Structure formats: C-alpha cells, structure tokens
Amino acid sequence: MLALSLIPSKSDVTKRLEELEAMRWDGTGTRQQAFEKIFNEKQRTKLQQQLYEGGWYHVTPAKIGARIVSGAGFGLAIGLTLCFYFELWDPTSLCGIILLTLGGGYLPMSQLKIAVKKRKAAIQRALPDLLDMLSTTVQAGLAFNAALIHAQEVAVGPLGEEIKAVLSEIRLGRSRADALKSMANRVRQEQLSTTVTAIIQAERLGSNLSNVLEELSEETRNRRMIRAEEIANLMPTKMVIPMALFMLPALFVMIFGGVAAEYMGK
C-alpha cells in the first residue's frame, strides 16, 4: 500500500491529452476510488490544496489516504511486536500501542505540513530577487513574457518551478493573467498573491509595470526584514526553556555540589 502511494500520478495536462486522444484508461471501481472515500468532498478539496501548496503535484488525496492507513498499520505492527517481545500487556503498553498507531497515521500529514512551510519560506526568500530581475529586464525594453523567461533562471527552487509552470500554461494558450492567478491559487503565499494582484492591476490600468515591480521588490524586502526582526525579538523568550533545562541545573551543581559533598562526607 505504501509503495503504491509513492508512485507519482499523471499531471492534469497529461490526463487531458490522453482524453483528447481517447487513450485514457477507465479506472472505475479502482482501489484509488475506494481510498478517496476515506475523506469527504470538503476534506479532499482542502487536502488537494495542501498538496498544491507543498508542491506535491504528483500525489493525490487518495494516495495520502493510503499513506495514512499504511503508516497507522506500521505503527500498530511495531507496537504489537514490542509488546510480544517484552511480554508487556499492561495499560501503559496498550496506551503505547495506540500512540504508535496514531503517530504512524499522522506522519504523512506531518510531512506534508513541513513541506508546505518550507516551500512557502523558499518562495518568500526568492521573490525579491525575481522582482528585481523582472524590473530590470522590463526597463531594458523586454516584454513581460520575455522577462519571465529570463527571470526563471534567477528564481531557483519552488518559485522557479512555478514560473516555468506559468510559462507552460501561456504557451498552451492560457492568458497571462489567468496563468498568474492560477500560480497564486496553488501557492497561497501572501506576498506572492499580492505581487500577482498588483501586476494584473497594473496591466489593466496601463501603469508603468517596471515601477510597480520595483516598488513590489522594495516592499517585499522590507517585509522580510520586519519578519526577521520579529523572529529575533522572540529569541529571548525561546531561550528560557533551554536555560532552565540545561544551564540552571549545571549552575546549581557547581554552586551547591561542593557544599553537598562536604556535608555528606561528614
């Protein structure tokens, strides 16, 4: 089950091409549809959006359901194996089995949330450089589509992949505004959504696109600096727990250890 869930799915473009060529296989009554019943329609929609945000475009909600079931099965098997090996069947061991089962089932969702967080952070870091490149190339006289082609070499990582997807959609005949909106809906990153909205509005109103891109780049960098300051301000609060757990006990041993040893020696 886990191995089948790791097989990448076909993209929407490939599926559409197979439909047009009458080559699509009819999968009625497959295991994938059975696993899709694990989630209702609302949950599948929300899960599909999380998969897009994490960049897992070749993973379907049904495969996530299969991973959850297989993870829970692994956790249950490990718990039962440990109980049989150590011959422990008290309530604490049963609670451990339940925790291992729940932990194994939650592991795929945890990996997805981590992937979403890392991807959005990577896009946020790469966005100012992309906007600088777009502003420079547009000021040099290139059209916006040509500027995107040059800028995708600068935007490495997830943002570069999204720019390539936008260019691919434009080549297939989709309008530039719709392709950019589709990218913003997939990623759901605040600064990227603001950037896309500003670019579309500037094109509709006939504003100077290079100035808009330059202002967006400066604003994005300022937001990133403010965010870095907020994280730095939280560091003293986060250091309280490590200090209480590691530094204070060692300090107490140094202060009172000699006194205690002398007292016990008497």
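Read-outs throughout are calculated quantities, based only on the coordinates presented, and are distinct from any laboratory measurement. As the structure is a prediction and not an experimental result, all values here were calculated from the model. Counting neighbours? That spans all protein chains shown, and the Cβs are built from the backbone with ideal geometry, glycine included.
Seen from every direction in turn and averaged, the convex hull around the alpha carbons of region 120-234 projects onto 6.9 nm².
In terms of overall dimensions, region 70-178 has a Cα radius of gyration and Dmax of 24.5, 76 angstrom. Neighbour counting of Cβ atoms within 10 Å sorts the residues Leu205, Leu127, fewest neighbours leading, into Leu205, Leu127. Simple rule: put +1 on each Lys or Arg Cβ and -1 on each Asp or Glu Cβ in region 128-266, find the dipole, and look at Ala260, Leu180, Met235; the Cα lying farthest toward the positive end is Ala260.
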